[in-house]
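To start, the structure itself, in structure tokens.
The values are calculated or read from the model by the stated rules, or taken from the named source; none is laboratory data. Since this is a predicted model, take the numbers as computed values, not measurements. Heads up, the Cβs are rebuilt from the backbone with ideal geometry, glycines too, and the neighbour counts pull from every protein chain shown. Ligands, DNA and RNA are stripped out before the accessible areas are found, and what is left, the full protein with its side chains, is counted by its heavy atoms. Shrake-Rupley method; radii C 1.70, N 1.55, O 1.52, S 1.80 Å.
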Amino acid sequence: MSKQQGELNLQQFKGQIAVITGAGNNGIGWGIAKHAALQLGMHVVLVDLHQATVEQASQELQALIGDRRVLGLACDVTQS
């Protein structure tokens, strides 16, 4: 955050929804999804290009976090 905006209170994200693209292939998106769910207490929407990939990632993340919701969506975010 900038000096004008002040410190970012990460607790404000608890219970909010994070929509993360490219989250199914164990890369940066997957890392962000895990951080959002595990450390920030957020519900997570995983978006990836392939259905099987996003289903697997959703199941893995749901097993890790338990009480928060995970939704996996297969879509191409480059197409409107």
(request) Only residues that are open to solvent by 50 Å² or more (accessible area, probe 1.4 Å) and outside any helix (DSSP H, G or I): list them for segment 30-50, please. (result) H43, L49, H50
(request) Please work out which one of (1) without any contact (Cβ under 8 Å) to a residue 12 or more places away in the chain; (2) part of a loop (DSSP other than H, G, I, E, B); (3) of a type in the set (S, T, N, Q) is the condition Q11 fails and give its number. (result) (2)
(request) Please state which of the following conditions G27 fails to meet, knowing it meets all the rest: (1) closer than 20 Å to L73 by Cβ; (2) surrounded by 11 or more Cβ atoms within 10 Å (Cβ to Cβ). (result) (2)
